[in-house]
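The values are calculated or read from the model by the stated rules, or taken from the named source; none is laboratory data. The structure presented is a predicted model; accordingly, all values stated were derived computationally and were not measured. Using ideal geometry, Cβ is built from the backbone for each residue, glycine included, and neighbour counts are taken over all protein chains shown.
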Amino acid sequence: MRLLRGLSVALMLMPFLAVAEPLPSWNDTGARATIIEFVERVTDPASDDYVTPADRIAVFDNDGTLWSEKPIYFQGLFAIDRLREMAAEDEDILSSDVLRAAVQGDLAKVAAAGEAGLLEILATTHSGLTADTFIAAARDWMASARHPGTGMAYDDMVYQPMLELLHYLRDEGFSTWIVSGGGLHFIRAFAESAYGIPPHQVIGTTGKASYVVTDGQPVIMKDPSIFFIDDKAGKPLAIEARIGKRPILAAGNSDGDFQMLEWTTSGEGPRLGILIHHTDAEREFAYDRDSHVGRLARGLDEGPDRGWLIVDMTRDWERIWPGR
């Protein structure tokens, strides 16, 4: 009887219990209001803009959108550490200027080499092992490596406001996907533990691979060359191939995400495009038009006229990192 009375009291009090506000690490600015208003519109069955849960698809870039990307993409730092280990055993693998710069720790030169330089480093360090072995190596690195500037673990450099957005969307019936120029297997190594996004909802740049049977055991072996680059116009192509539906929300931070936001927001019905603008040199990094990594120019110029939300990290985010 006591249990029943307690349950009855709890039920009576439920209408008066405070409901936690969404996005608590976002400042009370127009950015937070725009996101909440959009989510409420598409999830309210009485709204003309109601979207069924099956079509509530949200896609997110990773580098610079869900976690940091300076001084170079974190996968590049992982690859450089692997390259040093490999070069210690065989210096002949350092066959180009960018590979030698990477081993010497010249990150400015690596960044200046752009996508081509990074792909050369990745091709050298990410092949010749199974997909499972590679994922295990990436997890081991993540557990011990530290960022050269902040001294933080890399998976601690995820953005608390974006974690809250992911959770908020899933609580409201959205499926959340990563669509990144980063490597598929590298992101799969941490996406579920860091973001709550399972491996099958990760889309990324994919290297060529082979199906090999060794000692009676079939494995997927990573080959040296790139099969598909999931960047720029490649992102809508990958979304169509993997998801099969146009998202209703897309978030990125660079011009590499432009086509993904363009594809998402050009569909019929309610749509939301979000660009994270790195303006906070004190708490994180400030960069846009002139950056070798995460360059944002066209998005700043055209995004507002397209109705995209430009999130200013300094103004719109109360804090950057979890626990800080």
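Computed values, structure above
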item: Cβ-Cβ under 8 Å pairs, at least 6 apart or on other chains, segment 221-238 side over 13 Å from L122 (Cβ atoms), far side surrounded by fewer than 15 Cβ atoms within 10 Å (Cβ to Cβ) and of a type in the set (S, T, Y); result: M221/S210; M221/Y211
item: Residue ID - surrounded by the most Cβ atoms within 10 Å (Cβ to Cβ), chosen from residues in segment 296-324 that are out of contact with any strand residue (DSSP E or B) (no Cβ under 9 Å at 6 or more places or on another chain) and either at pLDDT below 95 or of a type in the set (V, I, T) (or both); result: I320
item: Selection within segment 143-172 - of a type in the set (A, V, I, L, M, F, W, C) and in contact with a strand residue (DSSP E or B) (Cβ under 7 Å, 6 or more places away or on another chain); result: M152, A153, M157, V158, L166, L169
item: Segment 19-50, residues that are among the β-branched types (V, I, T) and either more than 30 Å from A233 (Cβ to Cβ) or surrounded by fewer than 19 Cβ atoms within 10 Å (Cβ to Cβ) (or both); result: V19, T29, T34, I36, T43
item: Members of segment 230-256 that are acidic (D, E) and touching a helix residue (DSSP H, G or I) at 6+ places or on another chain (Cβ under 6 Å); result: D230, D231, D255
item: Residue satisfying all of: in segment 113-141; in contact (Cβ under 8 Å) with a residue 60 or more places away in the chain, touching a helix residue (DSSP H, G or I) at 6+ places or on another chain (Cβ under 9 Å) and among the aliphatic types (A, V, I, L, M); farthest from S68 (Cα to Cα) among these; result: L129
item: Residue within segment 79-94 that is of a type in the set (G, A, S) and outside any helix (DSSP H, G or I) present; result: no
item: Segment 54-68 residues that are under 15 Å from R170 (Cβ atoms), paired with ones that are assigned to a helix (DSSP H, G or I) and of a type in the set (A, V, I, L, M, F, W, C) (beta carbon under 6 Å, 6 or more apart); result: A58/L169; L66/M162
item: Test: residue in segment 60-67 that is acidic (D, E), within 27 Å of I197 (Cβ to Cβ) and modelled with pLDDT of 95 or more; result: yes
item: 2 or more residues surrounded by 23 or more Cβ atoms within 10 Å (Cβ to Cβ): qualifying strands (runs of 3 or more DSSP E) within segment 194-269; result: 202-214, 249-252
item: Sole residue being among the β-branched types (V, I, T) and modelled with pLDDT under 95, chosen from T133, T150, T125, T176; result: T125
item: Matching residues in segment 162-191 - criterion: being within 13 Å of the chain's Cα centre (by Cα), part of a helix (DSSP H, G or I) and within 30 Å of E37 (Cβ to Cβ); result: M162, L163, L165, L166, A191
item: Boolean, P247 is closer than 23 Å to V39 by Cβ and in contact (Cβ under 8 Å) with a residue 60 or more places away in the chain; result: yes
item: In segment 287-320, the residues that are small (G, A, S) and within 18 Å of the chain's Cα centre (by Cα); result: G294, G299
